[in-house]
Amino acid sequence: MILDKNGKIGGKVSIIDIGIIFVVLIVIVGIFVRFGNSMTTAVQSNEKFEFVVKVTGVREYTIDALNKKGKITDRKSEMDLGEIKNVEIVPTEFQSTTASGEIIWTDLPDRYTCFVTIVATGKESADSYIMDDTSELSVGRTIDINSKYVKTTGEIMSVKVAE
């Protein structure tokens, strides 16, 4: 028999010791798999990007300020991040429920949704676009639009390399 009366294998190592060593090895392998393969992809080029930001529920004075276009800057560092190229405006819709319980979409009075196209320079890597202030441009991300005329926030709807 391999185990002696004290529960040690060959009189030197217990089953608990082997279990602890096994758990430590599993943790080390797990850490390596999780963090060891996170090689950053090298930046491939310096590019101009065009991205569309959806700004929802704004009033007419915000639309007027966005239509003045101009450069956008970082809120904290005032670093130049790009320039507003185009602004498309549609009425803001919201869901409401009728007295009979039917859900309908209706226009929100005096509120608009703007699709702001911004041109910016930055870096392109294999899997992302990064602006000069190291902000990643990705669909669904919230971004601040700060210019001489307006300060607002919107959601990035699309990103592409400018032609």
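If a residue has to be open to solvent by 30 Å² or more (accessible area, probe 1.4 Å) and of a type outside the set (Phe, Trp, Tyr) to count, how many in segment 115-132 make the cut? I'd like the intermediate steps shown before the answer.
Start the filter on segment 115-132 by keeping residues that are open to solvent by 30 Å² or more (accessible area, probe 1.4 Å), which leaves 115, 119, 121, 123-124, 126-127, 129-130, 132.
This time we only want the ones that are of a type outside the set (Phe, Trp, Tyr), so: 119, 121, 123-124, 126-127, 130, 132.
Of the residues in that region, 8 qualify.
Across segment 133-160, what is the total count of residues that are open to solvent by 80 Å² or more (accessible area, probe 1.4 Å) and modelled with pLDDT under 85?
2
Could you please tell me which pairs satisfy a Cβ distance under 9 Å, a separation of 6+ or placement on different chains, a first residue in segment 4-23 that is open to solvent by 80 Å² or more (accessible area, probe 1.4 Å), and a second residue that is modelled with pLDDT of 80 or more and in a strand (DSSP E or B)?
Cβ pairs passing all conditions: none.
Hey, among the residues in segment 80-100 that are aliphatic (A, V, I, L, M) and surrounded by 14 or more Cβ atoms within 10 Å (Cβ to Cβ), which one's nearest to THR142 (Cα to Cα)?
Of segment 80-100, the ones aliphatic (A, V, I, L, M) are 81, 84, 87, 89-90, 99.
Imposing the further condition that a residue be surrounded by 14 or more Cβ atoms within 10 Å (Cβ to Cβ) reduces the set to 81, 84, 87, 89.
On the way: LEU81: 15, ILE84: 16, VAL87: 18, ILE89: 19 Å.
Among residues in segment 80-100 that are aliphatic (A, V, I, L, M) and surrounded by 14 or more Cβ atoms within 10 Å (Cβ to Cβ), the one nearest to THR142 (Cα to Cα) is LEU81.
Mind listing whichever residues of segment 59-79 are exposed (fewer than 12 other Cβ atoms within 10 Å of the Cβ) and either closer than 13 Å to PHE115 by Cβ or of a type in the set (Phe, Trp, Tyr) (or both)?
TYR61
Six or more apart or on different chains, Cβ atoms under 7 Å: show the pairs whose first residue is in segment 119-136 and farther than 16 Å from ALA162 by Cα and whose second is open to solvent by less than 30 Å² (accessible area, probe 1.4 Å).
Sorted first by the residue in segment 119-136, then by its partner, the pairs are ASP133/LEU81; GLU136/SER128.
Please go through segment 101-114 and give me each residue that is open to solvent by less than 100 Å² (accessible area, probe 1.4 Å) and over 18 Å from ASP64 (Cα atoms), ordered by number.
GLY101, ILE104, THR106, ASP107, LEU108
Given (1) more than 26 Å from ASP127 (Cα to Cα); (2) at pLDDT below 85; (3) open to solvent by 70 Å² or more (accessible area, probe 1.4 Å), identify the lone condition not met by THR56.
Tallying (1) more than 26 Å from ASP127 (Cα to Cα); (2) at pLDDT below 85; (3) open to solvent by 70 Å² or more (accessible area, probe 1.4 Å), THR56 fails exactly one: (2).
The values are calculated or read from the model by the stated rules, or taken from the named source; none is laboratory data. All values reported here derive from a predicted model rather than from experimental measurement. Every residue, glycine among them, receives a Cβ derived from its backbone with ideal geometry; neighbour counts consider all protein chains shown. With ligands, DNA and RNA removed, areas are computed over all heavy atoms of the protein, side chains included. Shrake-Rupley method; radii C 1.70, N 1.55, O 1.52, S 1.80 Å.
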